[in-house]
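Every number here is computed from the coordinates shown, using simple stated rules; none is lab data. Here the structure is a predicted model, which is why all the values come from computation and not from measurement. Cβ placement follows ideal geometry from the backbone for every residue including glycine, while neighbour counts extend to all protein chains displayed.
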Amino acid sequence: MMVRSALAAALLLLASPAGAVEATVSAAPVTRFKGAELDQPVEGLIFRGGLTLQSPDDTFGGLSSLAQTGPDQRVTFISDRGNFIAGQLAYDQSDRLFGFIGVTIEPMRNSGGEVLPRQYAKDAEGADTIWRNGEPAAIRVSFEHLTRVADFAISDGKPAGAAREIGIPQWLSDLRTNGSLEAACVAPPASPIAGSTLLLTEEALDENGNHRGELLGARDKGPIGYVNSPIVNPTDCKFLPNGDLLVLERGVSLFAFVMNLRRVPAAEVRPGNLMQGQLLLSAQGGEIDNMESLLVHRTPGGETRILIGSDNNFNDWQRTLLLEFALPE
């Protein structure tokens, strides 16, 4: 039955590329992390729980980043196979994440409104929300391989329609690898660079061996660097409401995944600077997976949470894992 359901969904995508396909996603709770129970401290954060997600739809997976796209915890993941996976993060009365519901999967489109034609153009890796008048207006997506940045308008809590390409420096456009543009995040109003987009590369290093980046903004724009750490590379970023930057790092050591989360003070996120974050959390081995996505959001109970998600690479032996944390007051 699961195979038939997945095949039917895939055939529906091929037959009707203009529309979103509904997907059923089941969730199993994660109640312990690095020896911490729910609501206990774990290094520089407080563990609030998590989920392992599964779906019979074989287009669900490869989740590389996520962004808020509507009220009531409406979010959209991007897939490195060129899909938007939109839905709602569901919370119980205890403000605990228990599901990902109302899920739809829709292919991304190019600037001409056509479905992205080949995998080389589909490798979406970073995403964040463009806000206008307090409402999510668009999702900004960064791609590697065919390196570019594009905005997709948000309608009814979902991104859709033709891409609107955003200009990036030539040195970024010239990169044509799967280690190029990995992370994109938009600075909030409290940031000294409010409204600017930070782009970070995975393996494009400067002459000192640090990660190259770029700030796109009307005033705050130009090159920026991020200190390279052994084993791991930046894979996503998001800003906290106060303007501090969170950078998620991911790598592999002795055949096990490694994850770091670092915090960069707001004042250090400026053109021409080399950023070096304070380590908030590190993990490796079986308690994590290929952690690639990062979200900062407010729960129904009003708490600011940090959500970290994994890309299962469409492998049966990997998981789509969500882990949620809070910052100590």
In nm, to one decimal, how far is the modelled label at Glu268 from the one at Leu38, with both set 7 Å along Cα→Cβ? 3.5 nm
Dipole magnitude of the chain, debye to nearest 20 (Cβ charges: Lys/Arg +1, Asp/Glu -1, about Cα centre): 380 debye
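Using packing as a proxy for protection, rank 90-102, 109-121 so that the peptide with the highest average count of other Cβ atoms within 10 Å comes first. Could the numbers behind the result be given before it?
On the way: 90-102: 15.5, 109-121: 13.2.
The peptides rank, most packed first, as 90-102, 109-121.
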Can you grab the distance from the C-alpha centre of region 199-243 to the C-alpha centre of region 263-288, Å, no decimals? 10 Å
What aspartates and glutamates does Lys158 reach when the alpha-carbon gap must be under 16 Å and sequence neighbours fewer than 8 apart in one chain are set aside? Glu22, Asp72, Glu106, Asp128, Glu135
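Around Ala23, with a cut-off of 12 angstrom between Cβ atoms, what is the net charge of the other residues, counting Lys and Arg +1 and Asp and Glu -1?
Values: positive: none; negative: Glu22, Asp57, Asp58, Glu106.
Charge balance in the 12 Å sphere: -4.
How much of the pair distance distribution for region 40-326 lies past 25 Å, counting alpha-carbon pairs only, in percent?
Numbers: 16845 of 41041 pairs.
Beyond 25 Å sits 41 percent of the P(r) for region 40-326.
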In the neighbourhood of Gly70 defined by beta carbon distances under 11 Å, the net charge of the other residues (Lys, Arg +1; Asp, Glu -1) is -1
A correct Kirkwood calculation over the Cα atoms of region 30-75 returns a hydrodynamic radius in Å of 13.3 Å
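If packing is taken as the average count of other Cβ atoms within 10 Å, what order do 124-130, 266-272, 242-248 fall into, highest mean first?
Values: 124-130: 26.0, 266-272: 15.9, 242-248: 21.1.
Top to bottom by mean Cβ count within 10 Å: 124-130, 242-248, 266-272.
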Need the C-alpha centroid separation for region 152-167 versus region 37-52, integer Å. 34 Å
Give the shape of region 16-133 as rounded, prolate or oblate, defined through the alpha-carbon gyration tensor: a ≥ b ≥ c are the square roots of its eigenvalues, a/c under 1.5 means rounded, and otherwise the shape is prolate if a/b is larger than b/c and oblate if not. prolate
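So what is the calculated 222 nm ellipticity per residue for the chain, using -39500 (n - 2.57) for each DSSP H run with n of 4 or more, over all residues, to the nearest 500 deg cm²/dmol?
Value at 222 nm, helices only: -1500 deg cm²/dmol.
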